[in-house]
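Here the structure is laid out as structure tokens; the discussion comes afterwards.
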Amino acid sequence: MGGFNDSNFQPAKFQLTGIPGLETGEGWVALVFCWLYLISIGGNLAILGLVVQETALHQPMYYFLSMLSLNDLGVSLSTLPTMLGTFCFNYREVGFDACLVQMFFIHTFSFMESGILLAMSFDRFVAICNPLRYATILTNTRIVVMGLTILAKSFVTLFPFPFLVKRLPFCKGNVLHHSYCLHPDLMKVACGDIHVNNIYGLFVVIFTYGVDSTFILLSYALILKAVLAIASQEQRFKALNTCISHICAVLVFYVPIIAVSMIHRFWKKAPPVVHVMMSNVYLFVPPMLNPIIYSVKTKEIRRGFLKIFQKS
């Protein structure tokens, strides 16, 4: 294999792939992905700009929404270079170290999104279950600390990944199954003892997705208990309505993750296109839909955008 370093069996470059079975229609695929990126990047930038500009949105809920939008921008931008290279310019190579850097950022932003959704569920829990102390509990300082904690947790837990991958020899080729670098994809072409990578990968998934989703469910169980104790049906509906946007964001994020895990575990003989498309859904759908969800379901966000449009 000419592209390999004989001293440690590491490829100088990895070969990225498009979507299996859609090679003849990659022009249309490129157009679709370009629209997804435009919607995602434009929508999240609009949310960030609106929260910064409108003083009425300088509240904990919208600060957390800004964190979510900023993180979704990170997810989109971390996949953008190789996706555009693969589908728009037919450039399918990525350097070994560059691939590890992309892998680190994709997974870090993904795990950060889970933490931000947990923080947003805590925000809703405090707003509904302890509304009189909402402003004193969720101060600006505490929100900043929560954001930095989420960042530090994701960075520290993902930091060993590139080094764990770099120590491995790659003797099964250098062709990856996606147009971006993911840890499970790299493990498929690695040889040698990958048990440490798999065990640590499982630990990180449980420590992030598992713990975060458990506490999100617990938050909503307590929210539901508090809402059912409200005598007025109108007030119940009003309280639950403030959670709709967040519930949709949680579902948009976790349902593709669960689907990918189920396919990998119970449908291992699924066509390659199924695995690739589900991974694309997992990475591209949440950053695209989150701005739309909050713009449609949150009255204050709608008002902010209408106010800006009326001024222009």
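Each value in this text was obtained by applying a stated rule to the coordinates, not by laboratory testing. Here the structure is a predicted model, which is why all the values come from computation and not from measurement. Reconstructed Cβ throughout: ideal geometry from the backbone, glycine too, with neighbour counts over all protein chains shown.
Table for the structure above
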item: Dimensionless Rg/Rh of segment 96-161 - Kirkwood Rh, Rg from C-alpha atoms; result: 1.15
item: Kirkwood-based shape ratio for segment 222-312, expressed as Rg/Rh from alpha carbons; result: 1.16
item: Segments 204-216, 66-78 sorted - mean Cβ within 10 Å per residue, highest first; result: 66-78, 204-216
item: Percentage relative contact order, segment 169-276, counting C-alpha pairs under 8 Å, at least six apart; result: 18 percent
item: Cα centroid separation - segment 292-306 against segment 232-269, whole Å; result: 20 Å
item: More than 14 angstrom apart: percent of Cα pairs within segment 180-267; result: 77 percent
item: Computed over segment 13-304, the ratio Rg/Rh where both radii use C-alpha atoms and Rh is Kirkwood; result: 1.00
item: Amide H contacts under 5 Å for F170, placed H, 5+ residues apart; result: Q10, C191
item: Segments 237-244, 98-105 sorted - mean Cβ within 10 Å per residue, highest first; result: 98-105, 237-244
item: Separation between Cα centres of segment 44-86 and segment 89-149, rounded to whole Å; result: 11 Å
